[in-house]
1. Would you confirm, using the coordinates I've provided, whether residue 84 is open to solvent by less than 30 Å² (accessible area, probe 1.4 Å) and more than 15 Å from the ligand (Cβ to nearest atom)?
2. Quick one: how many residues across the stretch 72-89 are free of Cβ contacts under 8 Å to residues at least 24 places away in the same chain and of a type in the set (Lys, Arg)?
3. Where in the stretch 98-176 are the strands (runs of 3 or more DSSP E), entirely inside, with at least 3 residues that are open to solvent by 30 Å² or more (accessible area, probe 1.4 Å) and away from the ligand (no atom under 16 Å from the Cβ)?
4. Select from the stretch 69-90 the residues that are under 13 Å from residue 132 (Cβ atoms), over 12 Å from the mean Cα position of the chain (by Cα) and part of a strand (DSSP E or B) and list them in ascending order.
5. Filter the stretch 52-71 for residues that are touching a Lys or Arg at 6+ places or on another chain (Cβ under 9 Å) and without any contact (Cβ under 8 Å) to a residue 60 or more places away in the chain; which is nearest to the ligand (Cβ to nearest atom)?
6. List the pairs whose first member sits in the stretch 129-158 and is within 15 Å of residue 75 (Cβ to Cβ) and without any contact (Cβ under 8 Å) to a residue 60 or more places away in the chain, whose second member is within 15 Å of the ligand (Cβ to nearest atom) and not in a strand (DSSP E or B), and whose Cβ atoms are under 6 Å apart, counting only residues at least 6 apart or on separate chains?
7. Show the residue pairs that are 6+ apart or on different chains and have beta-carbon atoms under 8 Å apart, the first residue being within the stretch 97-116 and among the polar types (S, T, N, Q), the second being in a strand (DSSP E or B) and within 12 Å of the ligand (Cβ to nearest atom).
Amino acid sequence: MAHKTKRETAENRETLEIVTLGNDVLRQKASPVAKINAETARIVEALLHTLYVGKGVGLAGPQVGLLQRIFVVHVDKDIPRVFINPSLLETSEETVKYEEGCLSIPGVWVQVLRPKALRIHAWNEKGRSFTQDADGILARVILHEYDHLEGTLFIDRLSETKRNRILAKIEKQQRA
Ligand code: NI
């Protein structure tokens with residue numbers, strides 16, 4: 001998920017190419033990470049670096065063409081968080097609207113309705129299992145990134161009218 005934020009980043013790190021709307025990889029369901037090992041740690045580092053370069057707050061495997069169930073989240077003032085093979089255990093009935101963007105759909109910002117809070121289980125890059133409760137912006141970003149693992153984009157969560165309006169706008173931008 002994109003967010004209007006500024007963060008410094010280190011040089012000499014691997015920056016992955018972010019795929020954008022229209023690339024079929026964004027529409028596929030990601031597969032579980034079979035083994036959490038040194039390669040996974042390398043992927044996590046590259047995802048986080050790419051997230052910082054893109055000035056985003058969340059980035060999922062499919063967004064860099066990696067169809068694995070893995071995403072990273074780093075919202076302002078929080079610590080970076082890594083979610084591997086996540087399961088959403090609970091989402092609140094209470095929903096809330098919040099402005100979202102996506103590094104794979106640049107330049108689009110729109111209010112999206114989602115559950116306000118959640119409980120998620122996942123593994124981190126060290127292979128440690130954890131359960132996390134989240135609400136506010138953290139919950140928002142986790143839900144947005146989790147959707148990427150299912151091939152779902154935030155524009156899918158809008159009314160058809162609103163989605164078509166946005167798609168038309170994107171098409172116009174691409175032609176310009
Ligand atoms: Ni996104």
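1. Values: open to solvent by less than 30 Å² (accessible area, probe 1.4 Å): yes; more than 15 Å from the ligand (Cβ to nearest atom): yes.
For residue 84, the condition - open to solvent by less than 30 Å² (accessible area, probe 1.4 Å) and more than 15 Å from the ligand (Cβ to nearest atom) - is met.
2. Kept after step one, since they are free of Cβ contacts under 8 Å to residues at least 24 places away in the same chain, are these residues of the stretch 72-89: 77, 79.
Add one more test, that the residue is of a type in the set (Lys, Arg), and what stays is 77.
Residues in the stretch 72-89 being free of Cβ contacts under 8 Å to residues at least 24 places away in the same chain and of a type in the set (Lys, Arg): 1 in total.
3. Working: elements: 105-115, 117-123, 129-135.
Ranges flagged: 117-123, 129-135.
4. 84, 86, 87, 88, 89, 90
5. Top of the filtered list is 55.
6. Short answer, once both residue conditions are applied: 134/142.
7. 111/100
Residues checked against (1) open to solvent by 60 Å² or more (accessible area, probe 1.4 Å); (2) within 13 Å of the chain's Cα centre (by Cα):
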position	(1), (2)
36	no, no
45	yes, no
55	yes, yes
61	no, yes
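The values are calculated or read from the model by the stated rules, or taken from the named source; none is laboratory data. If you're wondering where the values come from, they're calculated on a predicted model, not measured in any experiment. Here the Cβ is made from the backbone with ideal geometry for all residues, glycine too, and neighbour counts use every protein chain on show. Heads up: the accessible areas ignore ligands, DNA and RNA and are worked out on the full protein's heavy atoms, side chains in. Shrake-Rupley method; radii C 1.70, N 1.55, O 1.52, S 1.80 Å.
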